[in-house]
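In what follows, a single structure is set out as C-alpha cells and then discussed.
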Amino acid sequence: AQSVTQLGSHVSVSEGALVLLRCNYSSSVPPYLFWYVQYPNQGLQLLLKYTSAATLVKGINGFEAEFKKSETSFHLTKPSAHMSDAAEYFCAVRENFGNEKLTFGTGTRLTIIP
Amino acid sequence: NAGVTQTPKFQVLKTGQSMTLQCAQDMNHEYMSWYRQDPGMGLRLIHYSVGAGITDQGEVPNGYNVSRSTTEDFPLRLLSAAPSQTSVYFCASSPQGGSQHFGDGTRLSIL
C-alpha cells in the first residue's frame, strides 16, 4: 500500500529565507508524486508533479521538488520565501498510471515571518 | 470554464438528517472523487468513480453513498448525518493519467 509522510505539521520561515517542506513516500511500484497548496478557505491547487521524467521538477510560484529514489523523498523547496507563500501544503502519491487514487500526507502549514 | 463546482459552500445539519452534496465538472473528466479534510489528517478518500455508472469505495466510505449517472455529476449523499461527519468535503476530477482538479469545498457541521 502506498503512503506519504510529511515531517513537520508547522514550519515557519522568515521572508526571503529558504523554504524546505519534507515529504517521504512508500510505494511498491514507481510512484507518481504531487505537491498541492491550499490557501485559506479554498480548494487544493497543483504546485507540481513527478511522473518519472526528470527528477528535478519545477512548479508554479518558484517552487521545485527533487525526486530521490534512494531516500524515498520528494521534498519541496523555494529559494526565497514570500509572504504570499503562507498556506498549507500537501504531498500526495499515486501508484501508477491508470490507478487514479491519490493518498495524501497530513499537510504542513507554512508561516512566513515578516 | 467553471472547472469543478461544489454546492452548497456551507451547511449545518442536525443529527439524523440526510442531505446531498453536489459536485459538477465541465472538463469531461472520466475520474471523479470525494475527500473529507479534517485537522491533522490531510485528505481522506471517501468514494471515487472512474466513469459514468462505475463507483467504488475509498478509505472512509461508511455513512456515505454516491452515484454517477453522467460524466459531469458526482453527488455525495449523507444518509443519516452524525457529528463525526462534521468536516470539509472536497470533490475532485481528472482525466485518466492526469492531475486532479479540486472544487472549493463544502463546509459541513452536524449538530
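Filtering the stretch A:1-13 down to residues that are closer than 14 Å to residue A:87 by Cα and not in a loop (DSSP other than H, G, I, E, B), which residue is most open to solvent (accessible area, probe 1.4 Å)?
So the residue we want is A:10.
Can residue A:54 be described as away from chain B (no Cβ under 14 Å), assigned to a loop (DSSP other than H, G, I, E, B) and closer than 15 Å to residue A:12 by Cβ?
Criteria not met by residue A:54.
For the stretch A:43-59, indicate whether the set of residues that are more than 20 Å from residue A:104 (Cα to Cα) and of a type in the set (Gly, Ala, Ser) is non-empty.
Yes, some residue in the stretch A:43-59 is more than 20 Å from residue A:104 (Cα to Cα) and of a type in the set (Gly, Ala, Ser).
Is it the case that residue A:100 is more than 14 Å from chain B (Cβ to nearest Cβ) and surrounded by 13 or more Cβ atoms within 10 Å (Cβ to Cβ)?
Spelling it out, it is not the case that residue A:100 is more than 14 Å from chain B (Cβ to nearest Cβ) and surrounded by 13 or more Cβ atoms within 10 Å (Cβ to Cβ).
Just to check your reading of the model, which residue among A:111, A:72 is of a type outside the set (Gly, Ala, Ser) and at pLDDT below 95?
A:72
Residue by residue through the stretch A:1-47, note down the ones that are of a type in the set (A, V, I, L, M) and more than 14 Å from chain B (Cβ to nearest Cβ).
A:11, A:13, A:17, A:18, A:19, A:20, A:29 - these are the residues of the stretch A:1-47 that are of a type in the set (A, V, I, L, M) and more than 14 Å from chain B (Cβ to nearest Cβ).
When the residues of the stretch B:56-83 are filtered to those that are open to solvent by 50 Å² or more (accessible area, probe 1.4 Å) and in contact (Cβ under 8 Å) with a residue 24 or more places away in the chain, which remaining residue is nearest to the chain's Cα centre (by Cα)?
B:77
Hey, does the stretch B:25-39 have a residue that's out of contact with any Lys or Arg (no Cβ under 7 Å at 6 or more places or on another chain), facing chain A (nearest Cβ under 9 Å), more than 30 Å from residue A:8 (Cβ to Cβ) and open to solvent by 50 Å² or more (accessible area, probe 1.4 Å)?
For the stretch B:25-39, residues out of contact with any Lys or Arg (no Cβ under 7 Å at 6 or more places or on another chain), facing chain A (nearest Cβ under 9 Å), more than 30 Å from residue A:8 (Cβ to Cβ) and open to solvent by 50 Å² or more (accessible area, probe 1.4 Å): present.
With the condition kept exactly as written, say whether any residue in the stretch A:79-88 is among the small types (Gly, Ala, Ser), open to solvent by 40 Å² or more (accessible area, probe 1.4 Å) and within 14 Å of another protein chain (Cβ to nearest Cβ).
No, there is no match, as no residue in the stretch A:79-88 is among the small types (Gly, Ala, Ser), open to solvent by 40 Å² or more (accessible area, probe 1.4 Å) and within 14 Å of another protein chain (Cβ to nearest Cβ).
Given the residues B:84, B:94, B:99, which is the only one that is at pLDDT 95 or above and not β-branched (Val, Ile, Thr)?
B:84
Counting just the residues of the stretch A:14-49 that are among the hydrophobic types (A, V, I, L, M, F, W, C) and closer than 19 Å to residue B:38 by Cα, which one comes out surrounded by the fewest Cβ atoms within 10 Å (Cβ to Cβ)?
A:37
Scan the stretch B:52-111 for residues that are in a loop (DSSP other than H, G, I, E, B), away from chain A (no Cβ under 11 Å) and among the small types (Gly, Ala, Ser) and jot them down.
Passing the criteria: B:52, B:53, B:63, B:67, B:69, B:80, B:81, B:82.
The values are calculated or read from the model by the stated rules, or taken from the named source; none is laboratory data. Since the model is a prediction, treat every value here as computed from it, not as a measurement. Cβ: placed from backbone, ideal geometry, glycine included. Neighbour counts: every protein chain shown. Surface areas here come from the heavy atoms of the whole protein model, side chains and all, with no ligands, DNA or RNA. Shrake-Rupley method; radii C 1.70, N 1.55, O 1.52, S 1.80 Å.
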